[in-house]
Protein chains: 2
Amino acid sequence: MQISELVRRSGVTLASVKFYIREGMLAPGEAVNARRAEYGEQHLERLLVIKALTDVAGLPLARTKRILRVLDQPDRSLAEMLAEAITAAADDQDDVPRAEEDLAAAYPRASRAIATLGPAFRPRMPALAQLDRALEAAEASGFPTAEEGVGLYGPHVQAIAEAELAGLPTDDPASAVRYAVLGTTLVEPVLAALRRLAHQNLAAARLADDEA
Amino acid sequence: MQISELVRRSGVTLASVKFYIREGMLAPGEAVNARRAEYGEQHLERLLVIKALTDVAGLPLARTKRILRVLDQPDRSLAEMLAEAITAAADDQDDVPRAEEDLAAAYPRASRAIATLGPAFRPRMPALAQLDRALEAAEASGFPTAEEGVGLYGPHVQAIAEAELAGLPTDDPASAVRYAVLGTTLVEPVLAALRRLAHQNLAAARLADDEA
């Protein structure tokens, strides 16, 4: 297909397509003559992955490139790619310290909270920093019980994550990585809405009990 | 206490304190003389509730006022206040239609998803609009399986919400409303971080299995 069709089918602007080619994120088309290049389905699929990572998941360019590099390494197992892509997509403003005692010092709230969850949650992941920031924000805002809540949330969240990973497509690594990264981002608002719905339902039910 | 002490202890600026008094959200101090008014602990507590709702939960002024009005109505049961405050805090850009058939038409994705969850989730709440928007965004971004996922998430989210509501302080309505509204907002990032941590752990475990 011509580049105009690639633009139309992907929903990515011409300027962005050219930018991704310049940055080495998308392979150039095959030159048909001096003025025209031909693009294939693999270009379209690659563009949809880039669009998903940047527009939808909102990842910065550097992190998107890291994930694309993971996808471009041949001879990797799916599990290997997945672990690297999930880590590359994570909101890791800070590097995770190496030793256990450093972890406890760097992320005191998250380390304490995770310790209550048992061996299913091993504290060596970038999301630990994210958890520590979330707990610190809750505490600073007059909600110190968020940390205790982790012991309650943990098993449910673990069950959700296990079922999600079980649904991962295993036929091709690009789909798996796209599913994992998109699923992480896009399902967060769904879970938040469901929890609010449950609160509203429970409060309404309590009200009905009072009135009965 | 003088207004300067109220400002210092609440962490709310003088300009904001005066604004809240002008808007009728905070009672004026008791005039000691023409130039000075005296404020009590109830002023401080009220300011902390306002701060929590606006700064922390990020609610717009109109919604904060609605919640304060709920708190100011005497002779209401705790359950009644809670149900109203949770609804007032919700991200209800749209009014929820009255009839069941309107609901299904207005929020097709959320209605279908909720139907799979059984009677625990009754579809008459503002969060239904939020859920529908989240599912629509996921679908538009190439993640149509989010809707099917609701059946999986529902029971876990329900268990989380029940435990959260069980931990609600029941001694005074202002604390209960503050806990409910703040908890809804502040715990969302905690749950999101925990889920990411679980994904990272599971992907790492799968990788270790492959290498073994």
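Just so you know, all these numbers are worked out from the coordinates, no wet-lab data involved. Owing to the predicted nature of the structure, the values given are computational and were not obtained by experimental measurement. Ideal geometry is used to build each Cβ from the backbone, glycine not excepted, and the neighbour counts take in all protein chains shown.
Two decimals is fine: what is log10 I(q)/I(0) at q = 0.11, 0.17 Å⁻¹ for chain B, from a Debye sum with one equal scatterer on every Cα and no solvent? Relative scattering, expressed as log10 I(q)/I(0), comes to -0.70, -1.24. By Cβ position, the chain A residue that hugs the axis carrying A onto B most closely, with its distance in whole Å, is A:156, 2.
Considering only B:69, B:35, B:109, the Gaussian network model of chain B with Cα springs below 10 Å gives its largest mean-square fluctuation to B:35.
Near residue A:65, which lysines are there with a Cα under 28 Å away, not counting those fewer than 8 places off in the same chain? Cross-link targets: A:18, A:51. Copy-to-copy label distances for residue A:14, where each label lies 7 Å from Cα along Cα-to-Cβ, are 5.9 nm in order of increasing length. Remark: region B:100-212 carries a charge dipole of roughly 120 debye about the Cα centre, counting +1 on each Lys and Arg Cβ and -1 on each Asp and Glu Cβ. Each stretch of four or more DSSP H residues adds -39500 (n - 2.57); spread over every residue of the protein assembly as shown, this sum gives -21500 deg cm²/dmol at 222 nm. Peptides B:127-138, B:160-171, ordered by how many other C-beta atoms sit within 10 Å of their residues on average, highest first, read B:127-138, B:160-171. Binning all Cα-Cα separations of region B:109-211 at 10 Å, short to long from zero, yields these whole-percent fractions: 13, 32, 35, 16, 4, 0. The eigenvalues of the Cα gyration tensor, multiplied by 5 and square-rooted, give region B:46-86 an equivalent ellipsoid with semi-axes of 19, 10, 9 Å from largest to smallest. Dividing the Cα radius of gyration of region A:141-183 by 2.2 N^0.38 Å, with N the residue count, gives 1.66. Other residues within the sphere of radius under 14 Å centred on the Cβ of residue A:140, judged by their own Cβ, net out at -2 (K and R +1, D and E -1).
Dimensions of the protein assembly as shown along the principal axes, based on C-alpha atoms and rounded to the nearest Å, stand at 87, 57, 44, largest first.
Of the complete DSSP H runs in chain A, those spanning 30 angstrom or more by Cα along the long axis with a mean Kyte-Doolittle score not below -0.5 are A:173-211.
Pairwise Cα distances in region A:3-67 exceed 19 Å in 26 percent of cases. What is the distance in Å between the Cα centres of region B:125-155 and region B:178-212? So the separation of the two Cα centres works out to 19 Å.
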